[in-house]
1. Take the residues in segment 736-757 that are among the polar types (S, T, N, Q) and part of a helix (DSSP H, G or I); name whichever of them is nearest to the chain's Cα centre (by Cα).
2. Which members of segment 844-880 meet the condition of being of a type in the set (A, V, I, L, M) and outside any helix (DSSP H, G or I)?
3. Report, by residue number, each residue of segment 801-818 that is surrounded by fewer than 16 Cβ atoms within 10 Å (Cβ to Cβ) and either among the polar types (S, T, N, Q) or more than 18 Å from Gln861 (Cβ to Cβ) (or both).
4. Can you name the residue in segment 711-757 that is under 30 Å from Val664 (Cβ atoms) and among the hydroxyl-bearing types (Ser, Thr, Tyr) and is also surrounded by the most Cβ atoms within 10 Å (Cβ to Cβ) among such residues?
5. Suppose we filter Phe851, Phe882, Phe842, Phe864 for residues that are of a type in the set (Phe, Trp, Tyr), buried (at least 22 other Cβ atoms within 10 Å of the Cβ), closer than 23 Å to Ile921 by Cα and assigned by TED's automatic domain parsing to the domain that holds Asp781; which single one remains?
6. Any idea which of Ala405, Ala441 is of a type in the set (Gly, Ala, Ser), surrounded by fewer than 19 Cβ atoms within 10 Å (Cβ to Cβ) and under 28 Å from Glu517 (Cβ atoms)?
7. Pull up segment 345-364, narrow it to residues that are of a type in the set (S, T, N, Q) and assigned to a helix (DSSP H, G or I), then point me to the one that is nearest to Lys695 (Cα to Cα).
8. State yes or no: is Lys662 part of a loop (DSSP other than H, G, I, E, B) and surrounded by fewer than 24 Cβ atoms within 10 Å (Cβ to Cβ)?
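The values are calculated or read from the model by the stated rules, or taken from the named source; none is laboratory data. In this text, all values refer to a predicted model and were calculated from it rather than measured experimentally. For neighbour counting, all protein chains shown are included, and Cβ atoms are generated from backbone atoms with ideal geometry for every residue, glycine included.
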Amino acid sequence: MATPPTRKEISGVVLNSETYVCVFFAYTSLFFLHPTALILRRIKMSEEKKQQLIKPFYAEETEQVLAEVQTTEDGLTKSEAQKRLESYGPNELEEGEKKSMVVRFFEQFKDLMIIVLLAAAIISAVVSHEVVDSIIILAVVIINAVMGVVQESKAEQAIEALREMSTPNANVLRDGHVSTIKSTELVPGDIVMLEAGDVVPADLRLFEVASLKIEEAALTGESVPVEKEMIVIDGTDVGIGDRVNMAYSNSNVTYGRGKGIVVNTGMNTEVGKIAGMLAQADETETPLKTNLNQLGKFLTLAIIVIAVVMFVVGIVFNGTSWVDMLLTSISLAVAAIPEGLPAIVTIILALGTQVMAKRNSVIRKLPAVETLGSTDIIASDKTGTLTLNQMTVEKLYVDNQQFDANNEVPIDSMAMKVMNYANDTKISQEGDLIGDPTETALVQFGLDNQFDVREKVAKEPRVAELPFDSDRKLMSTLHEEQDGKILVAVKGAPDVLLNRTTQILLNGQVVPMTEKEKQDILTNNKDMAQQALRVLGMAYKYVDHVPAELESEVIETDLIFAGLVGMIDPERAEAAEAVRIAKEAGVRPIMITGDHKDTAEAIAARLGIITKGDDAAVLTGAQLNEMSDEEFAQKVEHYSVYARVSPEHKVRIVKAWQKEGKVVAMTGDGVNDAPALKQADIGIGMGITGTEVSKGASDMVLADDNFATIVVAVEEGRKVFSNIQKSVQYLLAANLGEVLTLFIATLLGWDTLLPIHLLWINLVTDTFPAIALGMEPAEKDLMSHKPRGRSSNLFSGGVFSSIIYQGILEAATVLFVYWSAIQWPVHTVYAEIHSDALTMAFATLGLMQLFHAFNVKSIHQSLFTVGAFRNKAFNWAILLSFALMMVIIIVPGLNDIFRVAHLDLYQWGIVIGSSFAIIPIVEIVKFFQRASMKNKD
């Protein structure tokens, strides 16, 4: 036998001379990193293996496929299979390169803000000898890095989960005999036997089927099992769901049996391609990370400019030595850096994850909490996410009238009897229904209407059957009733069934079928189909005995029409309300599914994603293939529903929206969703029905698979970002106040604050209130605003202007208190006057920041509207910080360490009055801001 083709040939990859040059250098560089045997096995290919397949396997006759993979219908010999196993490698997914914990830890230090903090810590320790300050900064940075590693998603889990999905065994023909082998030992050219209950072990081109149905929902998103057929499919760009002569790895056989030729294994299977896409997908930078990077760059530039200006001014205008000015400039730079910000942001995000976990949203990546709040688009998979992933009877047509399935159906209805008798569903001891989803839906409908098929069949057992066949599109079972007559129960395609009926059951009477009645049946069949229902017809007849020959021409003729039944995978009850709320919040829901266009359009209309009949908002995968990226980018906003799409399409859709500047959340539960989940700004997996692959690729997992939970998560995400903004505003306004105080005091030649004072204020007043602000309840109008989107940042929405004027206000107040203490002293000795002024400036700055924390509870809303004391954690944080500020001034001994003096009641009155003044001043500014915004509206 000739040497088999390589995996690259079978996948249809062109191997030209340039490719081989790249391959040579790639494998040469890898030689020292991998075992020699592995390298030699992978570069083993001959010149005769360079041909490219012109057609995909589904477009070729069986004989062509057999010839191309060099096998026969009797399978391979064991020796040939072993050779191919050595050439192709095991039928498993390759494991991606893992990052060690050490590498992940050091990757946390790539952030610009972290680099600035590290530089400040080193300079502070080496130049200004502020060792305590350096230790605090380093501790914050290390804690932040550790938390990042702990919360970081394990990208390798997605690949590992895919590897574990492979079925352990496969039935193959080897040496002309059926053998059971491990699925990892399969090679192209093997002949695999399939039957109900099997997991397809590799990608197969089917060449023999008997009522074979395969459920491919995890791969295609289509909820109904695909009926496989022995036909050649025209075209070279046919979607996976339409390749009815193929069986794909990790899909499930639900009905019938078949044989197939293994054409792709391992990473060349459709599942393998998805694994490759996962490995190659770029990690999307979250809006929060972008914002923090922008903040870091801004602060770095501002700090350098201020420090340089201060250094020059001190030397040129004040005559201060360059050493002293260098130390002063470094102290100012350290004061300007909000060293606690990274840790505070991390803590706020962590608190958000705890709240969301209680509301069934499990966060796998910390930034995902905030990213949800900026979401513009929710691209949702249909099956199992917006729908129940469970076929359900919804409509019935009996006695010339159509009605909803929730109406009571008589237990002795012949339609009920036929749909349960002509049915291969098995019921386990635990009551679980096992079988084709369409048939299990019919049995469940019977059980819901007190028709227990087990009890009925026990009295009227099945004595013969004519299995479903894709050519006849019918299934018949024969049952012996207690009077000895044989009931023939037939169900199948309505149009086929009507051609075999001569009578109809109306109001309990069997009468001849008229042309009008036949047209009424066809009209109702069309009406149900337009509602995206899967419609089956039911008919029956009685015979005296079981025919000697079980043939369709004998059994399935002269039938009595009993009715129609319409089924659908229904939408979740809460999904429509969730869609409505999302739209009100400015978030656009997008449905992406592998189902047919009509089904997708009907479900989307029922959910409110599109209006009924708006088929212009629906795009199929085939139509998308005809568009260039540029054309699609121009039209992407026109479409809200995508049908019959592949994994590549999903990624392309997500990327198109991202190019429009939108923040995209992608929900999904299947293997096919994993690449798009990873590509999206936030991937949302399903905790109950989701595959381990989709969970591993997600940023967030819904514990209840409830689409409505996403809306709750969006609200929590908006609250988290709002609270982070409050913390940023509070910290930067405080730091700006400190910087301006030092800067202006230096220009004036005043000695207002010592480095130890700044360190204590930053430690006491920054940390606890900033964290507590992260626990503020959501403001009432939070979900009435449009998403802030990708273009916004931590300074948007009036935060930047608030930081500026509030920082100036703090600095002006502190300088005024210091100046007044010098101008109107209590003591007469200069040393005591200076000590009092220094202490009053220190106390004013610290207390004013605590009072200002109340202002920051809302950027524009009044403190009296949001509630000053409703956040208990905030109340305790303010009290603790106030106590720590007071203790070093009041307690003897501590005041000497911090170089502060005791103040009398008069001085305390000035300090407290000046500090509290920031609340009414900011309230007045907010009032005019609200009035201005109202006039603009």
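1. Quick first cut of segment 736-757, residues among the polar types (S, T, N, Q) only: 741, 746, 752.
Restricting the remaining residues to those that are part of a helix (DSSP H, G or I) gives 741, 746.
Numbers: Thr741: 47, Thr746: 53 Å.
Selected residue: Thr741.
2. Val856, Ile859, Ala868
3. Result: Ser801, Ile804, Ile808, Ala812, Phe816.
4. Ser727
5. After ruling out the rest, the residue left standing is Phe842.
6. Answer to the check: Ala405.
7. Going through the qualifying residues, I end up with Thr353.
8. On the way: part of a loop (DSSP other than H, G, I, E, B): yes; surrounded by fewer than 24 Cβ atoms within 10 Å (Cβ to Cβ): yes.
Yes; evaluated as a whole, the condition is true for this residue.
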